[in-house]
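Here is the structure we will look at.
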Amino acid sequence: MRPTTPLLLITVLQGLSGGITLAIAAFSFLLPPASDSILRNALLLSFAIAVIGGISSFFHMHRPQAGKYILRRLKTSWLSREALTTGIYAMILGVVALGPLVLPVNSWWYWVGGVLASIAALAAMFVTAMLYATIPAMRSWHSPLTVLSMMAVGLSSGGYAMLALLGESHLAAAVHRLAIFMLLATIVVAGVKLLQWKLFRDARRSLNAATGTGMPRAPYRIIDTGTTRPPYHTQTQVWPDLPVSLRGGLEAVVVLTMVLLPLGVIVATLDGTGAGLLTVLGAISFLFGTFVERWLFFGDATHSSKVWFVDQEKVGSRVATNRPSPALVHRFRNM
Amino acid sequence: MQLTIITDLNKCVGCKSCQVSCKEHNTAGAFGPVPDNDPYRDPDGMWWNRIVGMETGEYPNAGVLYLPKACMHCYDAPCVPVCPTGASYKRQDNGVVLVDYDSCIGCQLCMWACPYGVREFDEEHGVVKKCTMCIDRLEDESLPDYERQPACVQSCPTHARTFGDLDDPESKVSQLVAQRQGFGLLPELGARPAVHYLPRRPAPVVIDEKDVLRVMEERY
Ligand code: SF4
Ligand code: SF4
Ligand code: SF4
């Protein structure tokens, strides 16, 4: 389908913000304590990112004046639920991030708010991923892999951002612990992405004009898609097939920026010498890779209606030919 | 009641009369408009009914098949539950699936959810539009009876299209589907389309007792 900037921003930034919030929670409750001021800065950063994501969601609505109806179908619509959970998450996060300006920190409200923000972050990320995974017509997305991949990528992007904040402050013990965690997370991301790309390929191959007619006289070749042509202006669920070289090139960029470069940073960080600027580069590289990965997620997705839009390989006619028939040539020669 | 349109693929000659009359009626119709901003330079704009043309089979057993494709007014329309604002809805009284443009936010989620790719996004109005089964004609009591049917059905020169209530076992459409093995597209996606097609095979000849007696009398 057509990848749009608001969709890229909403999904990537929501994952990034949720990932940072959960990393802060991990440091507050599970990992060796990082400095309070770093955690508070991280909270502000997470909130700012969530706000930018929220603003970009307004640009995805083409009629924001009807936005007031968006919670009408909470019972069935994952988009209604996404609006609710993301809104709740941003509100709680706002209180926790901005509260210290007027309220004492390290008191009960701060910890309760932190726990609630973490739960809301997980819920918002899950609901957003389910929105895509529960559409049977989107053959490439209709799988638990969509949820796994979006959650893993979101959490990892937040983890790398947190690593950069800690790396800059030279907190060796905290950096070391987080680096080990990110090593595992990056391996998980790589595995899930490879499986997901295979699913995308299978979805692409399983759809062709023959599957779209329900009739046995196969094979079929589309000769007229009914007054439409790429880039399908009014039909955003389909998108022209990506050229093989572009798809391969972008996948290579994802592997390089989301797996190889960040892993290099982790290895350099594990022995305690590579922190600082290197962790910042690792976070930037992963975030860049996340945008490319998300572009591919949208742009390379196969919708079931593609069976009628398919730009199938042209098969030459067996009857019409430019070459003179040998039988005719023979006849003319002997006239 | 579930209103539907049945297309006999043996009769459809791909003339696109239904495609054009749909656009013509709905560009001016009460439930439109189908935008037509730049019809001469951009004829690939919005169409609620598109005729897909295909070559079938392998030479020498090749043929051409035309598949008129518009909203299937599905029984379990996947475009409806995904809509966050309730703008997409299915009418209880006649099964027609419609969009309320006033509450549509243009998120296009319904376009991703529809398996058939028959919803169209109007960039100018920021809403999703689609076939309404010409609901404005069906419900306009000032029209003569023969006009109270979808424009595509009325305009088909080969009478390939039949309109009626699929839930009524006595209706013409129900009988056509039952007798001629009418089928819906992409059944594996579970939308249960109401729109059916009659497959391309010779129509079974129905002979009753009267016919037999008549022929016997004429010949023997
Ligand atoms: S064909 Fe598509 S738009 Fe029409 S009712 Fe079915 S799912 Fe909805
Ligand atoms: S585009 Fe409109 S009709 Fe479609 S899901 Fe969004 S709000 Fe509903
Ligand atoms: S008007 Fe009738 S014959 Fe012509 S394309 Fe439509 S269904 Fe087929």
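The values are calculated or read from the model by the stated rules, or taken from the named source; none is laboratory data. Quantities reported herein were computed from a predicted structural model and do not represent experimental measurements. As a convention, Cβ positions derive from the backbone with ideal geometry for all residues, glycine included, and neighbour counts pool all protein chains shown. Surface areas here come from the heavy atoms of the whole protein model, side chains and all, with no ligands, DNA or RNA. Shrake-Rupley method; radii C 1.70, N 1.55, O 1.52, S 1.80 Å.
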Can you list residues from other chains, or at least 5 along the same chain, whose modelled amide H is less than 5 Å from the amide H of residue B:69?
B:50, B:51, B:52
Taking the Cα centre of region B:3-219 as the origin and placing charges on Cβ (Lys, Arg +1; Asp, Glu -1), which of B:212, B:3, B:179 is farthest toward the positive end of the dipole?
B:212
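I need the helices of chain A that pass two filters: whole DSSP H segments spanning 20 Å or more by Cα along the axis, and mean Kyte-Doolittle score no lower than -0.5.
Working: long enough: A:5-29 (36 Å, 1.66); A:36-60 (36 Å, 1.30); A:78-98 (29 Å, 1.27); A:108-133 (37 Å, 1.54); A:144-169 (38 Å, 1.17); A:172-206 (50 Å, 0.85); A:277-299 (33 Å, 1.54).
In chain A, the long hydrophobic H runs are A:5-29, A:36-60, A:78-98, A:108-133, A:144-169, A:172-206, A:277-299.
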Sorted largest first, the Cα spans of region A:5-312 on the principal axes come out in Å as 72, 47, 25
Lys and Arg at +1, Asp and Glu at -1: add these up for the other residues within a Cβ distance under 12 Å of residue B:186 and post the number.
+3
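Counting only other chains, and only Cβ atoms inside 10 Å, what mean value do you get across the residues of B:123-133?
Values: counts 4, 1, 2, 6, 3, 3, 1, 0, 0, 0, 0.
Mean inter-chain Cβ contacts per residue within 10 Å come to 2.
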Given the protein chains as shown and a 1.4 Å probe, how many square angstrom of residue A:279 are accessible, to the nearest 10?
0 Å²
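Enter the mean number of other protein chain beta carbons within 10 Å of the beta carbon of each residue in B:65-77, as an integer.
Numbers: counts 6, 3, 9, 1, 5, 1, 0, 0, 0, 0, 0, 0, 0.
Per-residue shielding by partner chains comes out at 2.
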Treating cross-link reach as a plain straight distance, find the aspartates and glutamates whose alpha-carbon is under 15 Å from the alpha-carbon of residue A:198, omitting any fewer than eight places away in the same chain.
A:251, A:293, A:300
Excluding residues fewer than 8 places away in the same chain, name every one of the aspartates and glutamates whose C-alpha is closer than 14 Å to that of residue A:68.
B:102
Proximal lysines relative to residue B:23, as straight alpha-carbon distance under 28 Å, when same-chain residues fewer than 8 apart are discounted:
A:306, B:11, B:69, B:90, B:129, B:130, B:172
Shape call for chain B, from the Cα gyration tensor axes a ≥ b ≥ c (a/c under 1.5 means rounded, otherwise prolate when a/b beats b/c, else oblate), comes out prolate
Between residue B:44 and residue A:169, what is the spin-label point distance in nm, taking each point 7 Å from the Cα along the Cα→C-beta axis?
5.4 nm
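Which value, to two decimals, describes the C-alpha radius of gyration of the protein assembly as shown once divided by 2.2 N^0.38 Å? If you can, show how the numbers build up before the last one.
Details: Rg = 29.0 Å, N = 555, 2.2 N^0.38 = 24.3 Å.
Normalised by 2.2 N^0.38 Å, the Cα Rg of the protein assembly as shown equals 1.19.
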Computed, not fitted: 222 nm per-residue ellipticity of chain A from DSSP H runs ≥ 4 (each -39500 (n - 2.57)), nearest 500, equal to -21500 deg cm²/dmol
Which net charge results for the neighbourhood of residue B:1, defined as the other residues with beta-carbon distances under 11 angstrom from its beta-carbon, given Lys and Arg at +1 and Asp and Glu at -1?
-3
Cα gyration tensor shape for region B:30-126, rounded if a/c is under 1.5, else prolate or oblate:
oblate
Using alpha carbons only, how many degrees (0 to 90, rounded to 10) separate the axis of helix B:209-219 from the longest principal axis of chain B?
50 degrees
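Please find the FRET efficiency linking residue A:267 to residue B:188, where r is the Cβ-Cβ separation and R0 is fixed at 45 Å, and quote it to the nearest 0.05. Don't skip to the end; give the middle numbers.
Numbers: r = 47 Å, r/R0 = 1.04.
After rounding, the FRET efficiency stands at 0.45.
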In terms of solvent-accessible area of protein heavy atoms at a 1.4 angstrom probe, what is the ranking of B:136, B:102, highest value first?
B:102, B:136
For region B:96-203, what Kirkwood radius comes out of the mean inverse Cα-Cα distance, in Å?
16.2 Å
Using only DSSP helix segments of four residues or longer, with each worth -39500 (n - 2.57), what per-residue ellipticity at 222 nm results for chain B after dividing by its residue count and rounding to 500?
-5500 deg cm²/dmol
Residue-level accessible surface for residue A:221, protein heavy atoms, 1.4 Å, Å²:
40 Å²
